[in-house]
Amino acid sequence: MSQFLTIAMPKGRIFEDAVQLLIKAGYELPPEFEDSRKLIIDVPNENIRFILAKPMDVPTYVEHGVADIGIAGKDVMLEEKRDVYEVLDLNISRCYLAVAGLPGAKIKDVSPKVATKYPNVASTYFREQGEQVEIIKLNGSIELAPLIGLADRIVDIVSTGRTLKENGLVELERITDITSRLIVNPVSYRIKDQRIDELVNRLSNVVGSVI
Ligand code: PRP
């Protein structure tokens, strides 16, 4: 019997792309993957347990070893800086991190406010630009902040660009491109190397074939 694997999956935006990639790689997933509120889904025939986590928490589960493997956006990896191996660019859920704001808005000279779900990424970026800013951490609906005067700018994910457009915001600077990554707990990689290598190989073979 092959070793048991626990995989942390990100709920939300990336989930559907990740499921499609696993199916393409030949994993037989049960119907619960389509529409379920379950947070733990066991797939006995594959000897895999999936745990469904908030995207920002996936690297935490993997770092602590309660998941051997996880699927996490590069945005989350940059923000969280967890002690995990990033072994494969899955090339799914492509988007980018950008600075955005209201068009033509006059930015305060001293410590303009930047609202974001990514305080570490945003502070590093502005420090590298030589700009001193005040970071305001929000957990979602970041685009609201400049509209209601909470912040001068935002740092957030842009995918289709629809959220910016529909809220009258414009992209000001592009920070970095983002795709989802396969991450692995370092101890799991040692003790379950064959099983993990097999998964990595199967996924590598189909990366690029799922958008
Ligand atoms: C993300 C991101 C933007 C939006 C970008 O939000 O924070 O708001 O998607 O996508 P678009 O360019 O295709 O419009 P998400 O839906 O994850 O929810 P959130 O606002 O709660 O973070």
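Kindly list, by first and then second residue, each pair from a residue in region 40-56 that is not assigned by TED's automatic domain parsing to the domain that holds Asn139 and at pLDDT 95 or above to a residue that is open to solvent by 80 Å² or more (accessible area, probe 1.4 Å) and among the hydroxyl-bearing types (Ser, Thr, Tyr), limited to pairs with Cβ atoms under 7 Å and residues at least 6 apart or on different chains.
Final answer for the pair search is Ile51/Tyr61; Ala53/Tyr61.
Restricting to region 101-122, give me the number of residues that are within 16 Å of the ligand (Cβ to nearest atom) and open to solvent by less than 50 Å² (accessible area, probe 1.4 Å).
Result for region 101-122: 8.
Residue check: is Ile175 within 20 Å of the chain's Cα centre (by Cα), of a type in the set (A, V, I, L, M) and either within 16 Å of the ligand (Cβ to nearest atom) or open to solvent by 80 Å² or more (accessible area, probe 1.4 Å) (or both)? It would help to see each step written out before you state the result.
Numbers: within 20 Å of the chain's Cα centre (by Cα): yes; of a type in the set (A, V, I, L, M): yes; either within 16 Å of the ligand (Cβ to nearest atom) or open to solvent by 80 Å² or more (accessible area, probe 1.4 Å) (or both): yes.
Yes, satisfied.
Between a residue in region 10-23 that is over 13 Å from Pro55 (Cα atoms) and within 16 Å of the ligand (Cβ to nearest atom) and any residue that is open to solvent by 40 Å² or more (accessible area, probe 1.4 Å) and outside any helix (DSSP H, G or I), which pairs come within a Cβ distance under 9 Å, given they are 6 or more apart or on different chains?
Asp17/Ile211
Take the conditions surrounded by fewer than 17 Cβ atoms within 10 Å (Cβ to Cβ) and away from the ligand (no atom under 13 Å from the Cβ) and apply them to Glu166. Does it pass? Walk me through how you get there before you give the answer.
Working: surrounded by fewer than 17 Cβ atoms within 10 Å (Cβ to Cβ): yes; away from the ligand (no atom under 13 Å from the Cβ): no.
Here the answer is no, as Glu166 does not meet what is asked.
Any idea which residue in region 77-100 is surrounded by the most Cβ atoms within 10 Å (Cβ to Cβ), counting only those that are within 14 Å of the ligand (Cβ to nearest atom) and over 19 Å from Val62 (Cβ atoms)?
Start the filter on region 77-100 by keeping residues that are within 14 Å of the ligand (Cβ to nearest atom), which leaves 79, 93-100.
Going one step further and asking which of them are over 19 Å from Val62 (Cβ atoms), we end up with 94-100.
Values: Arg94: 14, Cys95: 20, Tyr96: 17, Leu97: 24, Ala98: 19, Val99: 20, Ala100: 22.
Top of the filtered list is Leu97.
Restricting attention to region 33-61, which residues are crowded, with 17+ Cβ neighbours inside 10 Å, over 18 Å from the mean Cα position of the chain (by Cα) and hydroxyl-bearing (Ser, Thr, Tyr)?
Across region 33-61, there are no qualifying residues.
Quick check on region 163-170. Is at least one of its residues among the polar types (S, T, N, Q), more than 30 Å from Leu88 (Cβ to Cβ) and touching a helix residue (DSSP H, G or I) at 6+ places or on another chain (Cβ under 8 Å)?
So in region 163-170, the residues among the polar types (S, T, N, Q) come out as 163, 167.
Okay, now just the ones that are also more than 30 Å from Leu88 (Cβ to Cβ), so 167.
Remaining after also requiring touching a helix residue (DSSP H, G or I) at 6+ places or on another chain (Cβ under 8 Å): 167.
The answer is yes, given that some residue of region 163-170 is among the polar types (S, T, N, Q), more than 30 Å from Leu88 (Cβ to Cβ) and touching a helix residue (DSSP H, G or I) at 6+ places or on another chain (Cβ under 8 Å).
Taking the conditions exactly as written (open to solvent by less than 20 Å² (accessible area, probe 1.4 Å), away from the ligand (no atom under 16 Å from the Cβ) and not in a loop (DSSP other than H, G, I, E, B)), does Leu203 satisfy them or not?
Yes, satisfied.
Is it the case that some residue within region 151-158 is open to solvent by 70 Å² or more (accessible area, probe 1.4 Å), out of contact with any Cys (no Cβ under 8 Å at 6 or more places or on another chain) and more than 13 Å from the ligand (Cβ to nearest atom)? Quick ask: steps written out before the conclusion?
Kept after step one, since they are open to solvent by 70 Å² or more (accessible area, probe 1.4 Å), are these residues of region 151-158: none.
Within region 151-158 (the criterion being open to solvent by 70 Å² or more (accessible area, probe 1.4 Å), out of contact with any Cys (no Cβ under 8 Å at 6 or more places or on another chain) and more than 13 Å from the ligand (Cβ to nearest atom)), the answer is no, since none of the residues qualifies.
Any chance region 123-131 includes a residue that's within 14 Å of the ligand (Cβ to nearest atom) and in a loop (DSSP other than H, G, I, E, B)? Please lay out each step first, then the result.
Of all residues in region 123-131, those within 14 Å of the ligand (Cβ to nearest atom) come to none.
Looking for residues that are within 14 Å of the ligand (Cβ to nearest atom) and in a loop (DSSP other than H, G, I, E, B), one finds none in region 123-131, hence no.
The values are calculated or read from the model by the stated rules, or taken from the named source; none is laboratory data. Since we're looking at a predicted model, the values are computed, not measured. Ideal geometry is used to build each Cβ from the backbone, glycine not excepted, and the neighbour counts take in all protein chains shown. Just the protein is used for accessible areas: all its heavy atoms, side chains included, with ligands, DNA and RNA removed. Shrake-Rupley method; radii C 1.70, N 1.55, O 1.52, S 1.80 Å.
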